[in-house]
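**Q** Just passing along the structure, written as structure tokens.
The values are calculated or read from the model by the stated rules, or taken from the named source; none is laboratory data. Predicted model, so just to flag it, every value in this text is computed and none were measured. Here Cβ is always computed from backbone atoms with ideal geometry, including for glycine, and neighbour counts include all displayed protein chains. Ligands, DNA and RNA are stripped out before the accessible areas are found, and what is left, the full protein with its side chains, is counted by its heavy atoms. Shrake-Rupley method; radii C 1.70, N 1.55, O 1.52, S 1.80 Å.
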Amino acid sequence: MEEIKKIIRNSIMTSVVILVYGIIIQSKEVYIGMFSGSLISILCFYMIYIDVKTSIVKGANFKSGVLGYLKRYAIYLLVLAGASYFYDLAMMLGTAIGLLNIKFNILMMVLYKNLLKWKKKYLK
């Protein structure tokens, strides 16, 4: 649970940085697209956490797992379709990059842990 909280906290900080950066450079694709995409990314990651938690506690079946999966991808589809319909392709691409927020933060955490292990092993 601590790792999940840390990932969500880091992702929220990344979202705030994206919002501030978008406001500074005055780009709608960044402060609307990437920011909303990163918030949706956090929401869907939390949905994964809830699905896994209920699956472990209640011993949920295969059908409920597939339903949760389809709900998350329906959310992704609606967000990307809305971005492309109401704005343009650049907004959709900004939103798609924002949707990678959680993946980016997980990657950074893993790389940081591996860097610390490498430092501890080779740079005593």
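**Q** Using the Kirkwood radius built from alpha carbon pairs, what does the Stokes-Einstein equation give as D for the chain at 4 °C and 1.567 mPa s, in µm² per second?
**A** Rounded to a whole number, D works out at 81 µm²/s.
**Q** Mean shadow of segment 58-124, computed from the convex hull of its alpha carbons, in nm²?
**A** Numbers: hull surface 31.4 nm².
Average of the hull's projected areas for segment 58-124 equals 7.9 nm².
**Q** Per-residue counts of other Cβ atoms within 10 Å, averaged by peptide: what ranking do you get for 103-111, 11-19, 43-51, highest first?
**A** Numbers: 103-111: 13.9, 11-19: 17.1, 43-51: 15.4.
Highest-to-lowest ranking by the protection proxy: 11-19, 43-51, 103-111.
**Q** Rounded to a whole number of µm²/s, how large is the Stokes-Einstein D of segment 40-81 at 20 °C and 1.002 mPa s, given Rh as the Kirkwood radius over C-alpha pairs? Provide the component values of the computation, followed by the final result.
**A** Working: Rh = 10.6 Å.
Answer, rounded: 201 µm²/s.
**Q** Using θ = phi - 60° and the Karplus form 6.51 cos²θ - 1.76 cosθ + 1.60, what ³J(HN,Hα) does each residue of segment 88-103 get, whole Hz, x for Gly and Pro?
**A** 8, 5, 5, 5, 5, 5, x, 5, 4, 5, x, 5, 8, 4, 4, 4
**Q** Is there a pair in Lys53/Lys119; Lys58/Lys117; Lys5/Lys120; Lys71/Lys103; Lys53/Lys113 whose C-alpha atoms are over 29 Å apart, and which pairs would that be? It would help to have the intermediate numbers written out before the result.
**A** Details: Lys53/Lys119 35 Å; Lys58/Lys117 37 Å; Lys5/Lys120 26 Å; Lys71/Lys103 19 Å; Lys53/Lys113 25 Å.
Beyond 29 Å between Cα atoms: Lys53/Lys119; Lys58/Lys117.
**Q** In sequence order, what are the phi-derived ³J(HN,Hα) couplings for segment 108-118 according to the Karplus relation 6.51 cos²θ - 1.76 cosθ + 1.60 with θ = phi - 60°, rounded to whole Hz, with x for glycine and proline?
**A** 5, 5, 5, 4, 5, 5, 5, 5, 5, 5, 5
**Q** Report the gain in length on full extension from Leu100 to Val57: 0.36 nm times residue separation, minus Cα-Cα distance, nm rounded to one decimal.
**A** Values: separation 43, 0.36 × 43 = 15.48 nm, distance 2.88 nm.
Here the segment from Leu100 to Val57 would lengthen by 12.6 nm.
**Q** With every protein chain present, what is the per residue accessible area of the chain (1.4 Å probe, Å²)?
**A** On the way: 8870 Å² over 124 residues.
I get 72 Å² per residue for the chain.
**Q** Near Lys28, which aspartates and glutamates are there with a Cα under 13 Å away, not counting those fewer than 8 places off in the same chain?
**A** Of all the aspartates and glutamates, those that pass the test against Lys28 - Cα under 13 Å, at least 8 places apart if same chain - are Asp88.
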